[in-house]
1. Across the stretch 278-302, which residue is surrounded by the most Cβ atoms within 10 Å (Cβ to Cβ) among those that are without any contact (Cβ under 8 Å) to a residue 12 or more places away in the chain and in a loop (DSSP other than H, G, I, E, B)?
2. Kindly evaluate S213 against the criterion of being of a type in the set (S, T, N, Q), without any contact (Cβ under 8 Å) to a residue 24 or more places away in the chain and not in a strand (DSSP E or B).
3. For the subset of the stretch 186-195 comprising residues that are in contact (Cβ under 8 Å) with a residue 40 or more places away in the chain and not in a strand (DSSP E or B), which member is farthest from the chain's Cα centre (by Cα)?
4. Whether any residue in the stretch 202-222 is touching a helix residue (DSSP H, G or I) at 6+ places or on another chain (Cβ under 9 Å) and of a type in the set (K, R) is what I want to check.
5. When both residues are 6+ apart or on different chains and their Cβ atoms are under 9 Å apart, which pairs have a first residue that lies in the stretch 140-155 and is among the basic types (K, R), and a second that is part of a strand (DSSP E or B)?
6. Which residue out of T240, T280 is among the β-branched types (V, I, T) and closer than 26 Å to R162 by Cα?
7. So, A246, is that one in contact (Cβ under 8 Å) with a residue 24 or more places away in the chain and closer than 13 Å to L116 by Cβ or not?
Amino acid sequence: MRLREGRILAAAALVAGLSAGCADRGSSAGAEARARLEAEFGRRAEAPEPAREAAAAAGSQPAAGSPPMPGDAGESPASDAAADPAPPADAGASDPGASDPVPPGPAPGEVGVDSLLALADAAYAGLDRLRAAFSQRIENPLLGRTREGHGMWYQAGRNRFRMDFEVPADDIYIADGSCLWLYEPSLHDQVMVSRLDEGVELGSIDILGRLLSEARIRYDAVDAGVEAIEGTETRVVALTPRQLPARYVEVRLWIGVADHYVRRFRVREENEMVRTVTLTRLEPQAPIDTSLFAYAPPSGVQIFPGDVRCD
């Protein structure tokens, strides 16, 4: 089963300071817990994700060249070295036969930004197994907190992934095909659960898949230079939404030059939360036993909400 039919990349989120929620959905504690879950995984989209555009237009994989030198990964791309000199004061009207300036295209042998995004989308959609190490940084200005973690990430087919945290120890996120389970004993002694087709929208969990499928439809993209991530050369693409309000108001993707797999992505949301996820030691199509995605909550730990049924 190809991930093109349905992808899942966990963009891990902070579920901070949840107190034990009441089973009664009408209680204030229950409402607060549900609001936190929505805050971390986003509101359900008002419309389904647009269909993927065919990536075949990108053609076969060309040799990657060297784009213009960038600034820092978190900064905007450098501007041109110098502006054209101003015309003399007595200059007349421009030559009516002259054409408007044409933005420079990619360097010889270099893939354009639009084609690069198409190749990254196709590479991601072609995965049906993936194992990798991950690290994440979540900055939440509403809570005044920054939370970091790292561990191992596994995904297989539709709606199945597992994030085992080494730091914070014993935290775990699992999508078992029907439900999303979050257990973060580093924050609170409670298991949060939501059905993937009801409580949590697929595109809100699969942040990277959503970004890649929408990048050329809902965003303006510019080349933001090159950067190496643990020895892997990547091209950085900055995305700006064409219309506001938008779920993600700033996006950056670090796309591998050789294989077009995304090694890092960063999003800033409407609520100013910034999430940065970095993937290293990628093992595409790694053999993964699907039993890894089964989950049984620890004995004696409260499950919220308690009326969710997972098939």
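The values are calculated or read from the model by the stated rules, or taken from the named source; none is laboratory data. Just so we're clear, the structure is a prediction, and the values are computed from it rather than from any experiment. As a convention, Cβ positions derive from the backbone with ideal geometry for all residues, glycine included, and neighbour counts pool all protein chains shown.
1. So the first thing to find is which residues in the stretch 278-302 are without any contact (Cβ under 8 Å) to a residue 12 or more places away in the chain, and the list is 289, 291, 296, 299-300.
Those left that are additionally in a loop (DSSP other than H, G, I, E, B): 289, 296, 299-300.
Working: D289: 9, A296: 6, S299: 5, G300: 6.
Looking at the filtered set, the residue picked out is D289.
2. Details: of a type in the set (S, T, N, Q): yes; without any contact (Cβ under 8 Å) to a residue 24 or more places away in the chain: no; not in a strand (DSSP E or B): yes.
For S213, the condition - of a type in the set (S, T, N, Q), without any contact (Cβ under 8 Å) to a residue 24 or more places away in the chain and not in a strand (DSSP E or B) - is not met.
3. At the first step, the residues of the stretch 186-195 found to be in contact (Cβ under 8 Å) with a residue 40 or more places away in the chain are 187-195.
Restricting the remaining residues to those that are not in a strand (DSSP E or B) gives 187-189.
Numbers: L187: 23, H188: 26, D189: 28 Å.
So, considering only residues that are in contact (Cβ under 8 Å) with a residue 40 or more places away in the chain and not in a strand (DSSP E or B), the one farthest from the chain's Cα centre (by Cα) is D189.
4. The answer is yes; a qualifying residue exists.
5. Between residues of the stretch 140-155 that are among the basic types (K, R) and residues that are part of a strand (DSSP E or B), the close pairs are R145/I138; R145/E139; R147/Q136; R147/R137; R147/I138; R147/E139; R147/N140.
6. Details: T240 fails: closer than 26 Å to R162 by Cα.
Just one listed residue meets the conditions, T280.
7. Values: in contact (Cβ under 8 Å) with a residue 24 or more places away in the chain: yes; closer than 13 Å to L116 by Cβ: no.
Criteria not met by A246.
Residues checked against (1) modelled with pLDDT of 95 or more; (2) crowded, with 18+ Cβ neighbours inside 10 Å:
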| site | (1), (2) |
| --- | --- |
| D220 | yes, no |
| I229 | yes, no |
| V257 | yes, yes |
| T276 | yes, yes |
| P305 | no, yes |
| V308 | no, no |
